[in-house]
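Here the structure is laid out as C-alpha cells; the discussion comes afterwards.
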Amino acid sequence: MALSHSELGRREEALAAAEKVLNIYQQLAQNRPDAFLPDLAMSLNNMAKSLSEFGRREEALVPAEKAVNIYQELAQNRPDAFLPYLATSLNNMALFLSELGRHEESLAAAEKAVTIRQELVRNRPDAFLPDLASSLDNMANRLRELGRPEEALAAA
C-alpha cells in the first residue's frame, strides 16, 4: 500500500502507510520471528525508501541498516532464499549512504552487494544477471563519487 501511494505521488500517505505496516510486522516478528522477520525486513526497506523520498536521509539509514542486519541473519540459515534480498538491501543502503556524503561506507555496501550477486550469478545466471548489472552500476557510481574514474569504468 505504501508503494502504491508513493507511485501516485502521495508521499505523506505512503509514509503513514509504511509506518503502520512496519508497526504491525514489528509486533508479529516479536511473537513469531521465524514467520515474520522477512516481512519485517521488507517493511524496514520500504520505510527507508519513504523517509528518503521525504528528504529524511539520516532517518532513512536506520531502518535500512536494520533490514540489512535481519537479512544477514536470515541468509546465514537460508542463503538461497535471502541472499538476493540482502544484496538489494545493501544496494539501497549504499544509495542512502551516498546521499549523506558517506562515500567510503557507501562503496563498501555496494561492493558487498556485488560480491553476493556475483555468487548468485554463478549458480543461476538467468535469474540474477540483471541484478548484478544494477549492482555493478551502483558500485561504479560510488567509485566515481570517490574520484576513482578508472575503477568506475572497469566496474561499469
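Observations on the structure shown:
- Selected residue (only one of Glu104, Glu13, Glu53 is free of Cβ contacts under 8 Å to residues at least 60 places away in the same chain, among the acidic types (Asp, Glu) and in the same structural domain as Asp131 (by TED's automatic domain parsing)): Glu104
- Scanning the range 84-108 for residues that are under 19 Å from Arg124 (Cβ atoms) and either surrounded by fewer than 21 Cβ atoms within 10 Å (Cβ to Cβ) or touching a His at 6+ places or on another chain (Cβ under 7 Å) (or both) turns up Pro84, Tyr85.
- Whether a residue is among the β-branched types (Val, Ile, Thr) and touching a Phe, Trp or Tyr at 6+ places or on another chain (Cβ under 8 Å) was assessed, and Val62 does not pass this test.
- Checking Asp34, Asp39, Asp80 one by one, the residue that is assigned to a helix (DSSP H, G or I), over 17 Å from Ile116 (Cβ atoms) and without any contact (Cβ under 8 Å) to a residue 12 or more places away in the chain is Asp34 and no other.
- Number of residues in the range 142-153 that are more than 21 Å from Ser89 (Cβ to Cβ), touching a residue at least 12 places away in the same chain (Cβ under 8 Å) and assigned to a helix (DSSP H, G or I): the value is 2.
- Candidate set: the range 1-26, residues that are touching a Ser or Thr at 6+ places or on another chain (Cβ under 7 Å) and hydroxyl-bearing (Ser, Thr, Tyr); chosen: the one modelled with the lowest pLDDT: Ser6
- Considering Ala29, Ala48, the condition of being assigned to a helix (DSSP H, G or I), at pLDDT 95 or above and buried (at least 19 other Cβ atoms within 10 Å of the Cβ) is satisfied by Ala29 alone.
- Filter result (without any contact (Cβ under 8 Å) to a residue 12 or more places away in the chain and among the aliphatic types (A, V, I, L, M)) within the range 109-127: Val121, Ala127
- Taken over the range 116-141, residues that are loosely packed, with under 14 Cβ neighbours inside 10 Å and within 19 Å of Asn92 (Cβ to Cβ) amount to 2.
The values are calculated or read from the model by the stated rules, or taken from the named source; none is laboratory data. The model shown is predicted, which means the values in this text are computed figures rather than measured ones. Here the Cβ is made from the backbone with ideal geometry for all residues, glycine too, and neighbour counts use every protein chain on show.
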